[in-house]
Ligand SMILES: [Zn+2]
Ligand SMILES: [Zn+2]
C-alpha cells in the first residue's frame, strides 16, 4: 500500500468512524437511561401554586420523559408539569423532610442543600455529610 492510499484510508476511518461512534454512543446512552429507572420508581412532586400546593407522586419514567420532551436550554429550572389538582403548569420535583415530614420543593432554600427543609431547616444531605465526617474523624 503506498502512502497516498494509506492517507485516503485513514481519512475514511476518521470521517466514517467518528460519527458512527457518536451514533452508537447516543443510541446506547438513550436505551441505558430507560433501564436505569425502574418501572415502579416514583418521583415526589409538588405544585408551586400557593393556592393549591398539592403534592403527589408521578412515575419517575414519566417525569424523565416529560423533562426530555420539554427540555429548554434557556431555562434555569426544570420544566413544570401540569398539576392534576389545579391544572396549572407549576409542578416541580419535591422531597419529603425526614425530620418533620413536610413536603417541599427541591431547592426551596436558595444557595443551600437542595433538600433543606424551609420549615424545620433539616437537610438529609447535610446530616449524611456530617455523619460521614464524624465517622472518619473517630
Ligand atoms: Zn396545583
Ligand atoms: Zn422539615
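So here's what we get for this one:
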{"quantity": "Whole-percent pair-distance distribution, where bins are 10 Å wide, for the alpha carbons of segment 42-92", "calculated": "28, 54, 18"}
{"quantity": "Kirkwood Rh, Cα atoms: Rg over Rh of the chain", "calculated": "1.22"}
{"quantity": "Crossing angle, helix 3-36 versus the chain [Cα axis fit, 0-90 degrees, rounded to tens]", "calculated": "20"}
{"quantity": "Nearest-ten-degree value, helix 60-69 long axis tilted from longest Cα axis of the chain", "calculated": "60"}
{"quantity": "Cβ-based exposure ranking for 95, 113, in which fewest neighbours within 10 Å come first", "calculated": "113, 95"}
{"quantity": "Ellipsoid semi-axes in whole angstrom, largest first, where each is sqrt(5λ) of the Cα gyration tensor of segment 97-138", "calculated": "22, 11, 6"}
{"quantity": "Angle in degrees between helix 124-137 and the longest Cα principal axis of the chain, rounded to the nearest 10", "calculated": "80"}
{"quantity": "Order of 60, 10, 42, 81 under a 10 Å beta carbon neighbour criterion, fewest first", "calculated": "10, 42, 60, 81"}
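Values in this text are rule-based calculations from the coordinates and carry no lab data. Given the structure is predicted, the values throughout are model-derived calculations rather than measurements. Here the Cβ is made from the backbone with ideal geometry for all residues, glycine too, and neighbour counts use every protein chain on show.
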